[in-house]
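Written below as structure tokens is the structure these notes are about.
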Amino acid sequence: MALVRHPGIEAVPVLDERSAGFFALGLAKQTRRPVVLVCTSGTAGANYFPAVIEAHESGVPLLVITADRPPEMRDCASGQTIDQQKLFGGFVEFYHEMAVPEATLPMLKYLRQTVAHAVERAVAAGGPVHLNAPFRDPLPPIEDGTAKGLEGEDWAVFLGRPPPRDVGRTRVKKDDTLVVPPLPGKRGIVIAGNDWAHEAINGLFAAAGWPVLADALSPARLRAGGKAGVDGGGGGAVVVAAYDAILRDPRAVAALKPECVVVLGELPTSKTLRAWLTLIDVEMVYVTGRTGNRDSLHGRTRTRVLRADELDTSAFDLAAADRSWSDAWARAETAAQTVLSKAADEPGFEGGFTRTLAATLTAEQVIFVASSMPVRDLEYFAPVRADGPRVLANRGANGIDGTLSTALGVAQAGAPTVLLTGDLALLHDTNGFLVAAKLKGSLTVVLINNAGGGIFGHLPVAKFNPPFEEYWATPQRVDFATLCAAYGVPHAFATTPAQLADQLRAQVGVSGLRVIEVRTDRTNDVATRQRLFASAARAAGDAVG
């Protein structure tokens, strides 16, 4: 049993500690504030490890408190006792072994200061912290007279503290200029990754004529709008969503080579985009809220630590591009989107369901998207919008651990949420269904069931079958309707994108958890993606070549 606690939200007891860790992660993603995880001693804390790793890699603040036996009960075969010292290794921003508690004012001051410091470290670093808390018997709150010396203390004053300090970073002052040194050249692009969006995208970069290549995980794709694309909004920067398809054509690669690249946040998932950046080898500036080396491409890179809420026009010195530069990207985007918009017309195609979902949900909703094929299809097919949903994902370690539990945490006391997931990711976290009874919110699971790991069909090893189907595709034959019934979770099917859209509209704001299952053929889906990408790439190349 674990306890998940967030300020202002009722504590939630969760039976499975692994599920609880991801539930807390989702709650922290939703609120952007630290969430407390508490568990008993022994292997209970070890079950938090996958969520702690994801929190570390994706920069999410968590305060993990593991109960422990006192020092004299360790290393002597005492029950439910393991070595919990630095249990999470280098995956936490701060670790402290608490003193065995005593009911004295000096000890409570120590406790107050230590916990406050741990929260400050979690907030400043954007990651998990770990407090290991040993206790001696008796554990129940039995009156023994030890707390007599605390009578008369004003606890409101004692516990009242100023907001946590932002320690460990250099803050950007409003009168600072040129946080990012002057950028070379007029033909620049911006890559907006993960949760990055700001008025500067539709202000500074639009005025300079720098196109914005927007990841589906960035609000710049679904919430900021733009000029490019058949689904786009208007008035702001040229927002490019189909970059993965565009950059598959050699003519587009040659015509759209920039002189400088600014990356806001993390790079998108697209291997095509990453290969192109490696090929062109131009100067890049990474603007990130996190310290450390964030450039997995090892390019000619400068890094500036700057959070999204600190980004303003004084941070950059941009050379204005010719109108022809942004127009070329806009033509390529429009041409590629004309092809990709037909995804929903392909019978039973995963990408068509994904595009419909991204085009249907409103600004009052949240998409939580699973790793593997769902996050890639969202990147490939989500259109440019000005009024779409917020998008969240576990892309720190890029794993499928805790997908359902994280989505439940996102939905807890938050906006109506839709989880887009594959079958293997959902099966990996079926204990998340145990949290359904505790959910105070709305979560609709859109399950893309292709009976295995569809993403592996895009790899060269798919040509070698056997052993591909058994060892890479990992086929499964679970009856999800029966599985949902076992947990008392409503289940329905959607056979067309239009039917899915109708069901999603009907479920907006409906409390509780339900599953909408979409069955697809992963072999056919691989062929359909390849055909659409080839057509979109040719169209983009024709538009700029």
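The values are calculated or read from the model by the stated rules, or taken from the named source; none is laboratory data. The model shown is predicted, which means the values in this text are computed figures rather than measured ones. Cβ sites come from the backbone with ideal geometry, for glycine too, and all protein chains shown count toward neighbours. Note: accessible area is taken over every heavy atom of the protein model, side chains too, but ligands, DNA and RNA are not part of it. Shrake-Rupley method; radii C 1.70, N 1.55, O 1.52, S 1.80 Å.
If each Cα of segment 414-500 is one equal point scatterer, what is log10 of I(q)/I(0) from the Debye formula at q = 0.11, 0.15, 0.19, 0.22 Å⁻¹?
Here the Debye-derived log intensity ratios amount to -0.40, -0.68, -0.96, -1.14.
In the chain, how many lysine pairs have Cα atoms under 19 Å apart, counting only pairs 8 or more places apart or on different chains?
The number of close lysine pairs in the chain is 5.
Report the charge-dipole magnitude of the chain in Debye, nearest 20, computed about the Cα centre from +1 at each Lys and Arg Cβ and -1 at each Asp and Glu Cβ.
Working: 54 positive and 58 negative charges, 231 e Å.
That gives the chain a dipole magnitude of about 1120 debye.
Once the dipole of the chain is set up with Lys and Arg at +1 and Asp and Glu at -1 on Cβ about the Cα centre, which of PHE468, PHE135, PRO50 lies farthest towards its positive end?
Most positive-ward Cα: PHE468.
Leaving ligands, DNA and RNA out of it, report the carbon-plus-sulfur percent of the accessible area of segment 119-163 at a 1.4 Å probe. Write down the numbers at each step before the final one.
Details: 1750 of 2920 Å².
Roughly 60 percent of what the probe reaches on segment 119-163 is carbon or sulfur.
³J(HN,Hα) across segment 340-350 via Karplus (A = 6.51, B = -1.76, C = 1.60, θ = phi - 60°), whole Hz, x for Gly/Pro?
5, 5, 7, 4, 5, 8, 7, x, x, 8, 4
In what order, largest first, do ILE367, ILE455 sit by accessible area if the probe radius is 1.4 Å?
Working: ILE367 0, ILE455 35 Å².
Output order, biggest surface exposure first: ILE455, ILE367.
Hull surface divided by four, with the convex hull built on the Cα atoms of segment 20-66: how many nm²? Working shown, then result.
Working: hull surface 10.7 nm².
Result: a mean projected hull area of 2.7 nm².
Once amide H atoms are placed 1.01 Å from N in the peptide plane, what residues at a sequence separation of 5 or more from LEU392, or on another chain, have their amide H within under 5 Å of its amide H?
ILE367, PHE368, VAL369
Working from Cα positions, state the angle (0 to 90°, nearest 10) between the long axis of helix 49-58 and the longest principal axis of the chain.
50 degrees
So how far, in whole Å, is the C-alpha centre of segment 447-523 from the one of segment 105-136?
42 Å
Per residue Cα convex hull volume for segment 1-140, in cubic angstrom? Walk me through the intermediate numbers first.
On the way: hull volume 15.4 nm³, N = 140.
Spelled out: Cα convex hull of segment 1-140, divided by residues, is 110 Å³.
Suppose all protein chains stay in the model; what accessible area per residue would a 1.4 Å probe give for segment 364-510, in Å²? The partial results should precede the final answer.
Values: 5610 Å² over 147 residues.
In whole numbers, segment 364-510 has 38 Å² accessible per residue.
Averaging over all projection directions, find the projected area of the Cα convex hull of segment 469-545 and quote it in nm² with one decimal place. Display every interim value, and only then the final one.
Working: hull surface 34.1 nm².
If you wrap the Cα atoms of segment 469-545 in a convex hull and average its projections, you get 8.5 nm².
With contacts defined as alpha carbon pairs under 8 Å and 6 or more residues apart, what's the relative contact order of the chain in percent? Kindly include the intermediate steps, with their values, before the conclusion.
Numbers: 1185 pairs, mean separation 82.7, N = 545.
This gives 15 percent for the chain.
Out of all DSSP beta bridges in the chain, what portion is antiparallel? Express it as a percent rounded to 5. Display every interim value, and only then the final one.
On the way: 8 of 68 bridges.
Rounded to the nearest five, the antiparallel share is 10 percent.
I'd like the carbon and sulfur percentage of the solvent accessible area for segment 404-474, probe radius 1.4 Å, heavy atoms only, ligands and nucleic acids excluded. Write out the running numbers ahead of the final one.
Details: 1630 of 2580 Å².
The value for segment 404-474 is 63 percent carbon and sulfur by accessible area.
Specify the angular offset, from 0 to 90 degrees and rounded to the nearest 10, of the alpha carbon long axis of helix 522-544 from the longest principal axis of the alpha carbons in the chain.
Taking Cα atoms only, the helix is inclined about 50 degrees.
Give the whole-number value, in cubic angstrom per residue, of the convex hull volume spanned by the C-alpha atoms of segment 255-362.
Details: hull volume 17.7 nm³, N = 108.
Convex hull of Cα atoms, per residue: 164 Å³.
Relative contact order of segment 468-545, please, whole-number percent, based on alpha carbon pairs below 8 angstrom and at least 6 residues apart.
It comes to 25 percent, rounded to a whole number.
Would you calculate, for the chain, the mean residue ellipticity at 222 nm contributed by helices, counting each DSSP H stretch of 4 or more residues as -39,500 (n - 2.57) and dividing by all residues, to the nearest 500?
Working: 19 runs with 182 residues, N = 545.
About -9500 deg cm²/dmol.
Work out the length of the dipole vector of segment 1-64 about its Cα centre, built from +1 on the beta-carbon of each Lys and Arg and -1 on the beta-carbon of each Asp and Glu, and round it to the nearest 20 debye. Display every interim value, and only then the final one.
Details: 5 positive and 5 negative charges, 41 e Å.
Computed about the Cα centre, the dipole is about 200 debye.
May I ask you to derive the relative contact order of segment 238-349, considering only C-alpha pairs under 8 Å and at least 6 residues apart, and to give it as an integer percent?
On the way: 104 pairs, mean separation 32.3, N = 112.
Relative contact order here is 29 percent.
Taking N as the number of residues in the chain, what value does Rg over Cα atoms divided by 2.2 N^0.38 Å take? Each step should come with its number before you reach the end.
Details: Rg = 25.0 Å, N = 545, 2.2 N^0.38 = 24.1 Å.
The value comes to 1.04.
Specify whether the C-alpha gyration tensor of segment 343-438 places it in the rounded, prolate or oblate class, a ≥ b ≥ c being the square roots of the eigenvalues: rounded for a/c under 1.5, otherwise prolate if a/b is larger than b/c and oblate if not. Numbers along the way, then the final one.
Values: a/c = 1.88, a/b = 1.32, b/c = 1.42.
Oblate is the answer for segment 343-438, as a/c is 1.5 or above yet b/c matches or exceeds a/b.
Ranked highest first by average number of other Cβ atoms within 10 Å, how do 400-407, 293-300, 358-365 line up? Present the calculation step by step, with values, prior to reporting the outcome.
Working: 400-407: 27.9, 293-300: 12.8, 358-365: 18.5.
By packing density, highest mean first, the sequence is 400-407, 358-365, 293-300.
Could you rank the peptides 495-504, 336-345 by their average count of other C-beta atoms within 10 Å per residue, with the highest value first?
Numbers: 495-504: 17.1, 336-345: 21.0.
Per-residue Cβ counts within 10 Å, averaged per peptide and sorted highest first, yield 336-345, 495-504.
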